[in-house]
Amino acid sequence: MQRIVVIEDEDVIASAVAVRLRGEGYEVGVASDGRTGIELVEQETPDLVILDVMLPGIDGLEVCRRIQRERPVPVLMLTALDTETDLLVGLGAGADDYMTKPFSPREMVARVKALLRRVERSQYSTEKTVTVLDVELDPATRQVKRSEHEVHLTPTEFDLLYRLGSRPDVVFSREQILSDVWGYEDGFGTRTVDSHVAALRRKLGTEIIRTVHGVGYATGEDK
């Protein structure tokens, strides 16, 4: 049975999320503050973490950084914040996706399942190394190197850049990227794509991914 840890200080939300996930067949642990959440993740070694940004004590962003340092794990952040800067900070801390409160329980379950499916796929990857400009991505080791120096990307950033880089000069729509990388089939959440592209550009330079206005994103030279 797959394990999920929910770190949320609002009892009503934490309880509702836990009940829904248990109903879907997951084993769920709940923590109501950052420090307890970090300890629970260390004890449970979950398959996924659902993490609120605004927590008492250690905030959600710092919790995300700490748990990702120990062992990469998919993180779905819950936030009442909705500005691009706030979302970029969350993604930079290592989150794979975010949902803005209030959110649909059905959508939350769909995102949880998609994130877990993606992790399972990546564990059995037989894809070849891909190079985007001077950045090399190795799917077998999940390592990213630029001029022989290792670069840290979150799992989602890796998957996004690898998908675009595996077909240079092909323009991917946001909806197609959501389907290919996140496994979301309803097209909901295109801002997630934009935020991750912005995070990659901050780490690797604006030229790493180009925008094709009105269509989507691509790697390779603009022709």
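The chymotrypsin sites (Phe, Trp or Tyr not before Pro) of segment 94-157 that DSSP puts in a loop, and whose beta carbon has at most 14 other beta carbons within 10 Å, are Y124. Taking the DSSP bridge list for the chain and keeping only pairs wholly inside it, about 45 percent are antiparallel.
Neighbour counting of Cβ atoms within 10 Å sorts the residues R106, R3, R66, fewest neighbours leading, into R106, R3, R66.
For segment 154-193, the list of GluC sites (Glu not before Pro) that fall in a loop by DSSP and count at most 13 other C-beta atoms within 10 angstrom reads E185.
Candidate membrane-span-like segments in the chain, meaning DSSP H helices with Cα atoms spread over at least 20 Å of their own axis and a Kyte-Doolittle mean of -1.0 or above, are 105-123, 190-204, with no membrane implied. Cross-link reach is defined here as a Cα-Cα straight distance under 14 Å, omitting same-chain residues fewer than 8 places apart; for K128 the aspartates and glutamates meeting it are E136, D138, D159.
Amide H contacts of Q143: D138, each under 5 Å away and 5 or more positions distant or on a separate chain (H built 1.01 Å from N in the peptide plane; Pro and chain starts excluded).
Given the chain reduced to its alpha-carbon atoms as identical point scatterers, what log10 I(q)/I(0) does the Debye formula return at q = 0.07 Å⁻¹? Reported log10 I(q)/I(0), two decimals: -0.21. Of the peptides 69-76, 176-183, 192-199, the ranking by mean beta-carbon count within 10 Å, highest at the top, reads 192-199, 176-183, 69-76.
The numbers here are math on the coordinates, done by the rules we state, and not lab data. Fair warning: this is a prediction, and the values are worked out from it, not measured in the lab. We place every Cβ from the backbone using ideal geometry, glycine too, and count neighbours over all the protein chains shown.
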